[in-house]
Amino acid sequence: MAAQLDWSDLSFKYRKTDKIIISYYKDGQWSAPQASEDFNFHFSAFAGVFHYANSCFEGLKAFRGVDGKVRLFRPDENAKRMQRTGNHIGMAAPSEELFLEMCLQCVKENIDYLPPYGYNASMYLRPLLVGCNPQLGIASSQEVIFAVMCAPVGTYSGAKMLTPGTAALARNYDRAAPNGTGAFKVAANYAVSLYPYNMAHRQGYRELLFLDPATKTKIDEFGSSNFLAIKGDTYVTPLSDSVLPSITNKSLQQVAIDLGLKVEKRAVPVEELAEFDEVNACGTAVVITPICSIDDKKRLEDTAVTRKFEIPSGEECGKTSRKLYDRIRAIQDGAEEDIHSWCVIL
Ligand code: PLP
Ligand code: COI
């Protein structure tokens, strides 16, 4: 039971809930999903996940609406992306039906942990796919665990919603290789970014902005989220094959069109940072997180900043970004008509 939770004091951290939902894949079949109170997996130390990162995951949210209903935001998109990622690493992934069934079951089994409406909080669902059969050589896993777990969450950074944060450019580190796995949600991508992320955090930056690994001249994305900028009445976001196709970004582009903005999905040269009115990180966990300044340094470890990009919206969330945020959150909360049929109601 979540009896003691303070809904106004949630950030993005692990909290024990009641159940995790699990299905096993073996011999071409998924087992019937089981709700388990045991949060520990029991499988071989030779499993591919431990040695070769045979693993990928998803992230989506459930919201308690203004009308009391529970909504999942675009779970079909997460299911499709997990299939794409699983396929890329040669691992079986659940069907859209199984994915949705287990997400819904996870919310139901942990319903006491779903934050009430009005706290700017939600239930984060973490579907996880891990290769678990013993192996020695490098190979795709033949046996797989698919688990869906959850946690009640507030903002990703722990700061107040829509409070701008600083970012640094990662000139001498990449999160993805050219022709690598940047566009897939493999666990390994996050291990790669830990070293520069830890450094950026030690230096006080909230975010780390990666460049395209092939030419290092264009903006790619943040380590945990996509890049979205506002320039006049235009929504600008990078087109790059090393960026994770974000479901939040895709949705916000549609919201931008609905609000009468233009949308440009194109290469974004680093220098263009000086021309944007508003810059944000966007993603499931960060929602829209405004960025107030971006430091460019030769090397992340340097103290000297070669160029500081001050974003005009400064210490406030930009007006247009605020409109985008309000509209998408209103759809998720059932306060605005879901004209694109994005939400699945429990
Ligand atoms: N980019 C990266 C590297 C991410 O980890 C995430 C989070 O899932 C995103 C972007 C945002 O994607 P989405 O909006 O689908 O959560
Ligand atoms: C998400 O936004 O769902 C993510 O997966 C980002 C991060 C927590 C890894």
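Every number in this text was worked out from the coordinates using simple rules, so none of it is lab data. These numbers were taken from a predicted model, which means no experiment stands behind them. Counting neighbours? That spans all protein chains shown, and the Cβs are built from the backbone with ideal geometry, glycine included.
With +1 on each Lys and Arg Cβ and -1 on each Asp and Glu Cβ, how big is the dipole of segment 2-153 about its Cα centre, in debye rounded to the nearest 20?
340 debye
Under 27 Å between alpha carbons, and skipping anything fewer than 8 positions from residue 108 in its own chain: which lysines qualify?
Here the lysines satisfying the reach criterion relative to residue 108 are 13, 16, 19, 26, 61, 69, 80, 185.
Once you list every other residue whose beta carbon is under 14 Å from the beta carbon of residue 286, what net charge do they have if Lys and Arg are +1 and Asp and Glu are -1?
Details: positive: 61, 160, 206, 329; negative: 207, 221.
For residues surrounding residue 286, the net value is +2.
When the dipole is taken about the Cα centre of the chain, and only Lys, Arg (+1) and Asp, Glu (-1) are charged at their Cβ, what size is it in debye, to the nearest 20? Each step should come with its number before you reach the end.
Working: 38 positive and 42 negative charges, 91 e Å.
The dipole magnitude comes to about 440 debye.
Over what distance in Å are the Cα centres of segment 22-66 and segment 277-346 separated?
Between the Cα centres of segment 22-66 and segment 277-346 lies a distance of 30 Å.
For every helix of n ≥ 4 consecutive DSSP H residues, a contribution of -39,500 (n - 2.57) applies; sum these over the chain, divide by its total residues, and give [θ] at 222 nm rounded to the nearest 500 deg cm²/dmol.
Working: 6 runs with 75 residues, N = 346.
So the helix-based figure for the chain works out to -7000 deg cm²/dmol.
Which one of 153, 199, 134 is farthest out on the positive end of the charge dipole of segment 102-228, using unit charges on Cβ (Lys, Arg +1; Asp, Glu -1) and the Cα centre as origin?
Farthest towards the positive end: 199.
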